[in-house]
Amino acid sequence: MIAVQTDDVDIGDLIHRAKQPGAGAIVLFDGIVRDDDITEMELEAYEDIAIKKLEQIAERARHLYHLLSVDIIHRTGRLKVGENILVILVSAGHRKGAYEGSRYILETIKAEVPVWKKELRRDGNHWVPGEYPHNTGNIPLNEEL
Amino acid sequence: MLSEKERERYRRQILLFGEEGQNRLKDAHVFIAGAGGLGSPVAIYLAVAGVGSLTIVDNDVVELTNLNRQILHRDRDRGRPKVDSAVEKLREINPDITVRGIQTTIQERNIRSLVEDVDGIVDAMDNYPLRYLLNETALSMQIPLFHGAIRGFNGQATTIIPPRTACLRCIFPHPPPVEVFPVVGVTAGYIAMVQANEVIKYIVQCGELLTNRLLLWDGLESRAEEIKVDKNVSCCSCGTGREETGI
Amino acid sequence: MKVRIRFFARFRELLGSEIMEEITKGTSLAELVRIIALRRSREGYDALFDRGGTFHPFVIIMRNGVRLSPPEAEHVQVSEGDDIAIFPPVAGG
């Protein structure tokens, strides 16, 4: 499943479906809204291009890491602390492909998918533009989400 | 032929390019399309340089929001046609040249007669449809076009000599989005100086022109950079559709 | 593979003047600029690209002094040491 949507996703269900013949490892990445002096986050995507990009990334990952299945759900709209933002679920025959494929997908999404965020700060009554949600630019990629 | 007064007025620049150069300026007729941000300083400097004949065209009247940059116009000119205000000031600045102002909108049906006998066209417009029209006219009538444009602290300038150089469409095939552009007077001043400088060099025949070169000015960093630009063989305005051969 | 990207005029205000980027082989010029713009700001991205993710037609793209059209930029792959310039025409007068 590749989607850009406001609705949350049933991760349990995704895992259940990923258990197909041949699958030996399933890796889940669940990026959630961190409690970072904010109360809510609002995400907006350029949907057409975002979905196209996610599909391209999934396809590349499948090919590079011999994945059996790839699910990517990127949520948009208003999200509270603790809610799921980005869910990536991959399955592969072995754990190496699953771990590396999952990582590859996440890092590529951060670099290439147009999603924009605004934050409702704890101390303010107004929405301020956040940095692009996957990378503030100053923090090393792997520390952010 | 220069009068005694002219020899005196232009003495300091005659040191640079001789009476021959000054006579060329005196014999020249330059058309300035626009009496606004770029048009004002261009006109002033061409007037003091002694360009013999200036024709300045603009359809607008002076408004308060013009006055942060359109230095030919004063508070008392508000509501007055820009060309009237411009001509009045330019004649004060240099009574020894001929200055003509025409209040009209430049369009396809009047442009050719407007620039019939001019030696150069200064692009001091503020929109691309009219800039492209000037470009087409310059190409078809083979008149040099001195392009300048500004936004904020940034500006660009280039000189177009038909038929041999890149034209405006070669460089900018698509216009940027239309907007009320922010601008500070000094940006207009800088780019207008580049344009006026080009006009003078062209007429006097000295130095190297900004042909096939696009000057990009960044006033925030005080940096002028240059991009080489080439004639585009498939340019919709000047393209021949095939490579020029050396044969 | 290292590449230099310079922005001018409005793009410079939004995206910075010069970026040295480490990029993987096989990346197209357009892709490279998209990645940089996404990292900077929405305003920067929107100034360069439309909602479909392609360059606005008026964006001027130069690679090592050679002009590329936006469609060409989608196919042309960047090479080590490339010097890329991106800017918009300005319109005011």
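The values are calculated or read from the model by the stated rules, or taken from the named source; none is laboratory data. Only a predicted model underlies this, so the values are computations on that prediction, with no experimental measurement involved. All Cβ positions, glycine included, derive from the backbone under ideal geometry; neighbour counts span all protein chains shown.
Tabulated values for the structure
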quantity: Segment C:38-91, subset assigned to a loop (DSSP other than H, G, I, E, B) and hydroxyl-bearing (Ser, Thr, Tyr), residue farthest from the other protein chains (Cβ to nearest Cβ); calculated: C:Ser79
quantity: Boolean, B:Leu16 is touching a helix residue (DSSP H, G or I) at 6+ places or on another chain (Cβ under 9 Å) and surrounded by fewer than 20 Cβ atoms within 10 Å (Cβ to Cβ); calculated: yes
quantity: Enumerated strands (runs of 3 or more DSSP E) restricted to segment A:15-85, each holding at least 3 residues that are among the acidic types (Asp, Glu); calculated: A:38-45
quantity: All strands (runs of 3 or more DSSP E) inside segment B:93-198 with 3 or more residues being within 14 Å of the chain's Cα centre (by Cα) and under 25 Å from B:Leu72 (Cα atoms); calculated: B:120-123, B:145-151, B:154-160
quantity: Scan of segment B:192-210 for residues that are touching a helix residue (DSSP H, G or I) at 6+ places or on another chain (Cβ under 9 Å) and within 22 Å of B:Tyr132 (Cβ to Cβ), ordered by number; calculated: B:Ala192, B:Gln195, B:Val199, B:Leu209, B:Leu210
quantity: Condition met for A:Glu44 (within 14 Å of chain C (Cβ to nearest Cβ), in contact with a strand residue (DSSP E or B) (Cβ under 9 Å, 6 or more places away or on another chain) and at negative phi); calculated: yes
quantity: Answer from B:Ala86, B:Ala43, B:Ala124 - the residue that is of a type outside the set (S, T, N, Q), under 25 Å from B:Asn232 (Cβ atoms) and buried (at least 24 other Cβ atoms within 10 Å of the Cβ); calculated: B:Ala124
quantity: Complete set of residues in segment B:199-238 that are assigned to a loop (DSSP other than H, G, I, E, B), within 11 Å of chain C (Cβ to nearest Cβ) and either modelled with pLDDT of 95 or more or more than 24 Å from C:Ser69 (Cα to Cα) (or both); calculated: B:Gly219, B:Leu220, B:Glu221
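Table: residues versus (1) of a type in the set (S, T, N, Q); (2) modelled with pLDDT under 95.
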{"residue": "A:Glu40", "(1), (2)": "no, yes"}
{"residue": "A:Asp48", "(1), (2)": "no, yes"}
{"residue": "A:Ala58", "(1), (2)": "no, no"}
{"residue": "A:Thr76", "(1), (2)": "yes, no"}
{"residue": "A:Ile105", "(1), (2)": "no, no"}
{"residue": "A:Lys110", "(1), (2)": "no, yes"}
{"residue": "A:Lys118", "(1), (2)": "no, yes"}
